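Read the structure below first, then the notes.
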Amino acid sequence: MKSSWTHLGPPVSQDRTITSFPKWYTPDACLQLKEHFHSKVSTACQHRNTGTVGLKLSKVVVVGDLYVGKTSLIHRLCKNVFDRDYKATIGVDFEIERFEIAGIPYSLQIWDTAGQEKFKCIASAYYRGAQVIITVFDLTDVQTLEHTRQWLEDALRENEAGSCFLFLVGTKKDLLSGAACEQVEAEAVHLANELRAEYWSVSAKTGENVKAFFSRVAALAFEQSVLQDLEKRPSTQSQVGDGDGDLIRIEVPKTQENKRPPGLGCC
Ligand SMILES: Nc1nc2c(ncn2[C@@H]2O[C@H](COP(=O)(O)OP(=O)(O)OP(=O)(O)O)[C@@H](O)[C@H]2O)c(=O)[nH]1
Ligand SMILES: [Mg+2]
């Protein structure tokens, strides 16, 4: 299907434009070590053949103990602000953040959940259908790291096994010295590997790593969305030139109106 959304909405800001695959925080706990988009995804983007991916919202759920900095992290990304005063999240809240990835519009719907026990049953009702689960802890409070295992278990219970990208994020990096941070990180990286999650340290106060982290989240989710969209289509294999002289394989939907490969235009 050739996409028809390309002119919808205003262009995204420069810092939400992703052209190359964003890197991990540490290779010791990362979901993918590769530095490029999957070749099928690059080809689909070049041909603007990403189906409905640009129209959908990918659901990201942020969980973790109260006061660890979930809301602050999201507000730093979406509003570029930091509030020193604590205002507990009641139940859930969400923000939508728009990106442009390899030329394709892509949006994350980021769900901010309450860490307080009394709101847990409200918040957990929103875990379902997550493509990404971000489990947050406070780098200055090791107990909150220990609790991430339970948060993740609860969020995963509402989702299909293996269907979500998992991230473990330590916040308030600005409050620790380099050495102290490294010590907690070592522990967190160990747990991240056990949980099959990717690890990041961030600071909502200074903004350190916040954009880089969400760019990574967006790129991984986007790549998966495009691959799933390509796989879903009833198709036959066809070989067409990619304009650089090489022959590449692309998916051709088996519909009457699609006799020519999608995304190649009519001339
Ligand atoms: N120094 C520093 N303080 C932070 C940082 N992130 C959050 N805080 C502070 O930590 C407190 C709690 O932050 P929130 O973002 O409200 O925490 P939360 O996880 O959303 O809490 P609940 O909504 O109750 O689950 C606030 O006073 C923030 O100002 C950070 O990166 N550095
Ligand atoms: Mg909150």
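Can you tell me which of (1) touching a residue at least 60 places away in the same chain (Cβ under 8 Å); (2) part of a helix (DSSP H, G or I); (3) crowded, with 18+ Cβ neighbours inside 10 Å; (4) more than 12 Å from ligand 1 (Cβ to nearest atom) is the one Leu145 doesn't meet?
Here Leu145 meets the rest and fails (1).
For the stretch 56-85: of the residues being more than 9 Å from ligand 1 (Cβ to nearest atom) and assigned to a helix (DSSP H, G or I), which is farthest from Ile104 (Cα to Cα)?
If we take residues in the stretch 56-85 being more than 9 Å from ligand 1 (Cβ to nearest atom) and assigned to a helix (DSSP H, G or I), then Lys79 is farthest from Ile104 (Cα to Cα).
Quick one: which of Asp28, Asp65 is within 21 Å of Glu198 (Cβ to Cβ), over 18 Å from the mean Cα position of the chain (by Cα) and open to solvent by 40 Å² or more (accessible area, probe 1.4 Å)? Before you say what the answer is, go through the steps one by one.
Working: Asp65 fails: open to solvent by 40 Å² or more (accessible area, probe 1.4 Å).
One residue alone meets the criteria, Asp28.
Does the stretch 81-92 contain any residue that is open to solvent by 30 Å² or more (accessible area, probe 1.4 Å), more than 19 Å from Asn209 (Cα to Cα) and either more than 16 Å from ligand 2 (Cβ to nearest atom) or touching a strand residue (DSSP E or B) at 6+ places or on another chain (Cβ under 6 Å) (or both)?
For the stretch 81-92, residues open to solvent by 30 Å² or more (accessible area, probe 1.4 Å), more than 19 Å from Asn209 (Cα to Cα) and either more than 16 Å from ligand 2 (Cβ to nearest atom) or touching a strand residue (DSSP E or B) at 6+ places or on another chain (Cβ under 6 Å) (or both): present.
Here are some residues: Arg98, Arg84. Which one is of a type outside the set (Gly, Ala, Ser), in contact with a helix residue (DSSP H, G or I) (Cβ under 7 Å, 6 or more places away or on another chain) and at pLDDT 95 or above? Working first, answer last.
Numbers: Arg84 fails: in contact with a helix residue (DSSP H, G or I) (Cβ under 7 Å, 6 or more places away or on another chain).
Of the residues listed, the single one that is of a type outside the set (Gly, Ala, Ser), in contact with a helix residue (DSSP H, G or I) (Cβ under 7 Å, 6 or more places away or on another chain) and at pLDDT 95 or above is Arg98.
Of all residues being open to solvent by 30 Å² or more (accessible area, probe 1.4 Å) and part of a loop (DSSP other than H, G, I, E, B) in the stretch 102-138, which is nearest to ligand 1 (Cβ to nearest atom)? Just the residue, please.
Gln116
Restricting attention to the stretch 86-100, and to residues there that are among the aromatic types (Phe, Trp, Tyr) and in a strand (DSSP E or B), which single residue is nearest to ligand 1 (Cβ to nearest atom)?
Step by step, filter the stretch 86-100, then rank; the result is Phe94.
The values are calculated or read from the model by the stated rules, or taken from the named source; none is laboratory data. All values derive from a computational prediction rather than experimental measurement. Reconstructed Cβ throughout: ideal geometry from the backbone, glycine too, with neighbour counts over all protein chains shown. These accessible areas exclude ligands, DNA and RNA; they are computed on the full protein's heavy atoms, side chains included. Shrake-Rupley method; radii C 1.70, N 1.55, O 1.52, S 1.80 Å.
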